[in-house]
1. Mind listing whichever residues of the range 192-207 are open to solvent by 90 Å² or more (accessible area, probe 1.4 Å) and either more than 22 Å from the chain's Cα centre (by Cα) or closer than 20 Å to residue 57 by Cα (or both)?
2. For the range 172-207, enumerate the residues that are touching a Leu at 6+ places or on another chain (Cβ under 9 Å), more than 20 Å from residue 156 (Cβ to Cβ) and either among the aliphatic types (A, V, I, L, M) or not in a helix (DSSP H, G or I) (or both).
3. Here is a check on your reading of the model: is residue 56 more than 29 Å from residue 171 (Cβ to Cβ) and among the hydrophobic types (A, V, I, L, M, F, W, C)?
4. Collect the residues in the range 12-52 that are in a loop (DSSP other than H, G, I, E, B), under 24 Å from residue 114 (Cβ atoms) and not hydrophobic (A, V, I, L, M, F, W, C), keeping them in residue-number order.
5. Could you tell me whether any residue of the range 70-77 is without any contact (Cβ under 8 Å) to a residue 24 or more places away in the chain, assigned to a loop (DSSP other than H, G, I, E, B) and open to solvent by less than 60 Å² (accessible area, probe 1.4 Å)?
6. Could you go through the range 115-127 and let me know if any residue there is in a loop (DSSP other than H, G, I, E, B), at pLDDT 95 or above and either of a type in the set (S, T, N, Q) or buried (at least 17 other Cβ atoms within 10 Å of the Cβ) (or both).
7. What pairs come up if the first residue lies in the range 33-51 and is open to solvent by 80 Å² or more (accessible area, probe 1.4 Å), the second is of a type outside the set (Ser, Thr, Tyr), and their beta carbons are under 6 Å apart, counting only those six or more places apart or on different chains?
8. Counting only residues that are of a type in the set (Phe, Trp, Tyr) and over 15 Å from residue 157 (Cβ atoms), which one in the range 78-97 is surrounded by the fewest Cβ atoms within 10 Å (Cβ to Cβ)?
Amino acid sequence: MNRDNYQVTNTQLIGLILIAYVFSFAIRMIWVFQFQDNSSFYWDNEIMINTNDGYFWASSAQNILHSMHMDNPRIPSMWANAIVSFSVLFVKITPFSLETVILYMPAVISGLVVIPMILIARLYGQSLWGFFAALLGSIAWSYYNRTMTGYYDTDMFSAMAPMFILYFLMKSTVDFNLRSALYASLAIAIYPFLYESGQPVIYAMGIIYALYMIFYHRNDNVTY
């Protein structure tokens with residue numbers, strides 16, 4: 001059973017991740033609690049989303065699920081972007097309506113950022129500090145504003161996906177396991193599907209990683 005400097009076991013690590021995730025989700029529920037009694041915020045028995053771009057993505061999901069907006073050529077297909085794909089999938093496999101899915105999906109997805117944040121700290125035996133970082137990072141001001149409940153847009157993937165990529169890249173520099181690098185490569189490959197606007201960040205991460213490996217580990221075959 002792996003332990004770090006603060007004697008956090010694997011079971012306790014999972015507990016810390018769950019606590020941080022629930023905290024992140026609960027904070028994002030403030031907007032719902034604030035407006036749930038205001039009838040003007042409701043449509044089809046659900047609170048409406050609060051970003052204009054969200055209605056564009058939701059229209060695509062409506063088209064796929066209910067054959068609506070068929071004459072609109074700008075409506076993207078199901079596999080054009082992860083936000084549409086996941087929305088359709090969640091509606092099909094859960095008992096929730098599309099209106100409910102698009103309302104809470106930002107809070108559900110964006111909160112996953114706590115996982116790589118804690119795991120990165122775990123690499124250096126500092127899981128507890130990673131937990132506190134996750135509490136802060138998951139509700140950081142700009143990230144919270146654009147991933148709050150109802151902010152149905154691709155921003156929900158903007159920090160969560162790069163943090164997973166960063167974790168796998170950092171893990172590969174700690175354990176020199178090609179499997180970690182493979183996971184990072186796969187995450188980088190699917191990133192444009194999640195958040196196309198953030199590709200420059202991923203390119204920068206990849207370049208810095210390559211330079212780091214060549215500079216510090218140029219004599220190791222695994223680098224190449």
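1. If the condition is that a residue be open to solvent by 90 Å² or more (accessible area, probe 1.4 Å) and either more than 22 Å from the chain's Cα centre (by Cα) or closer than 20 Å to residue 57 by Cα (or both), then 196, 197, 207 are the ones that fit.
2. Within the range 172-207, 174, 181, 184 meet the criteria.
3. Values: more than 29 Å from residue 171 (Cβ to Cβ): yes; among the hydrophobic types (A, V, I, L, M, F, W, C): yes.
It is true that residue 56 is more than 29 Å from residue 171 (Cβ to Cβ) and among the hydrophobic types (A, V, I, L, M, F, W, C).
4. At the first step, the residues of the range 12-52 found to be in a loop (DSSP other than H, G, I, E, B) are 29, 36-38, 44-45, 48-51.
This time we only want the ones that are under 24 Å from residue 114 (Cβ atoms), so: 29, 49-51.
Hits for the range 12-52 are 50, 51.
5. Narrowing the range 70-77 to residues without any contact (Cβ under 8 Å) to a residue 24 or more places away in the chain: 70-77.
Then drop every residue that is not assigned to a loop (DSSP other than H, G, I, E, B), which leaves 70-77.
Remaining after also requiring open to solvent by less than 60 Å² (accessible area, probe 1.4 Å): 75-76.
For the range 70-77, residues without any contact (Cβ under 8 Å) to a residue 24 or more places away in the chain, assigned to a loop (DSSP other than H, G, I, E, B) and open to solvent by less than 60 Å² (accessible area, probe 1.4 Å): present.
6. If we filter the range 115-127 for residues that are in a loop (DSSP other than H, G, I, E, B), which is where we start, we get 124-126.
Filter again for at pLDDT 95 or above, leaving none.
No; the residues of the range 115-127 include none that is in a loop (DSSP other than H, G, I, E, B), at pLDDT 95 or above and either of a type in the set (S, T, N, Q) or buried (at least 17 other Cβ atoms within 10 Å of the Cβ) (or both).
7. Filtered contacts from the range 33-51: 44/99.
8. As a first pass, look at the range 78-97 and keep what is of a type in the set (Phe, Trp, Tyr): 79, 86, 90, 96.
If we keep only those that are over 15 Å from residue 157 (Cβ atoms) as well, we get 79, 96.
Working: 79: 10, 96: 15.
If we take residues in the range 78-97 being of a type in the set (Phe, Trp, Tyr) and over 15 Å from residue 157 (Cβ atoms), then 79 is surrounded by the fewest Cβ atoms within 10 Å (Cβ to Cβ).
The values are calculated or read from the model by the stated rules, or taken from the named source; none is laboratory data. Bear in mind that the values here come from a model prediction, so they are computed numbers and not experimental data. A quick note on method: Cβ atoms are made from the backbone with ideal geometry, for glycine too, and the neighbour counts reach across all protein chains shown. Ligands, DNA and RNA are stripped out before the accessible areas are found, and what is left, the full protein with its side chains, is counted by its heavy atoms. Shrake-Rupley method; radii C 1.70, N 1.55, O 1.52, S 1.80 Å.
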